[in-house]
Structures are given as structure tokens and as C-alpha cells.
Amino acid sequence: MIAKAEGKFLRISPSKVRIVLDLIRGKDAISAQGILLHLNKRSKEYLIKILKSAIANAKTKGFSADKLYISKAVCNPGPMWKRFKAAAFGRAAGIVKRTVHIKIELDLKKGA
């Protein structure tokens, strides 16, 4: 691991983030940014920000962005906000507002 970046307590469901993470896992850092820019998913905004942060962390250590790839991309569930909304016959229905912790690690390509 050369550099890493994390986003914590982000207000999106983990299952929605994992779909996009599967697309970029193992890809070059530059091509992963290109993939994320052209997606039509809400989680791309969070992932672009975290990926740019990881690349900036690698640059401060003296590594070039074109020699990096995403070695590890993990999405773990965070705490859930529990709310209630009114339901029929005076009952209450539960609402779970999910949060997520995203972690991206970059490493050098083989032979670079």
C-alpha cells in the first residue's frame, strides 16, 4: 500500500456503493477516474473525491499518478439512523437511513 484515503459517515446505502466499487477495483488510478466521471450513479461523487484524495496522498510521498492502481477498495456499513413515519391505523413504520465508510488503497503497478 502506497497511499490510502477514507470517507466516513457518508449518507448512501452500502449496497449502492459496492456496485460502483466493483467497476473500479483493480484498475489504474487514472482510468478509474475516467470510469467514474462517465457513470450515472450518485455514489460516484463520493468515490471521485476519495480517489482524488488518495492520489494526492501518493503524490506527496513522491509517486506519480500514472504508476498507481487501486489495490483495495472496501465499503463497510456505518451507523444507521432510525426514524419513523406514520402508517395506517395509527401505527408507525420504521425507516432506516444507512451510512457507509469507504476506504481506497493505492499501490504501484507490477514492473513500474
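A few notes on this one:
- Residue in the stretch 49-69 that is among the hydroxyl-bearing types (Ser, Thr, Tyr) and not in a helix (DSSP H, G or I) present: yes
- Taking residues in the stretch 34-58 that are crowded, with 16+ Cβ neighbours inside 10 Å, and partners anywhere that are assigned to a loop (DSSP other than H, G, I, E, B), the pairs with Cβ atoms closer than 6 Å and at least 6 places apart or on different chains are 43/12; 58/2.
- Residues of the stretch 80-112 classified as in a loop (DSSP other than H, G, I, E, B), under 30 Å from residue 59 (Cβ atoms) and modelled with pLDDT of 95 or more, total: 1
- Criterion: without any contact (Cβ under 8 Å) to a residue 24 or more places away in the chain, surrounded by fewer than 16 Cβ atoms within 10 Å (Cβ to Cβ) and either over 30 Å from residue 110 (Cβ atoms) or in contact with a strand residue (DSSP E or B) (Cβ under 7 Å, 6 or more places away or on another chain) (or both) - qualifying residue of 82, 72: 82
- Looking only at the stretch 18-34, residues that are within 21 Å of residue 101 (Cα to Cα) and either assigned to a helix (DSSP H, G or I) or aromatic (Phe, Trp, Tyr) (or both) come to 10 in all.
The values are calculated or read from the model by the stated rules, or taken from the named source; none is laboratory data. Please read all numbers here as calculations on a predicted model, not as lab measurements. Counting neighbours? That spans all protein chains shown, and the Cβs are built from the backbone with ideal geometry, glycine included.
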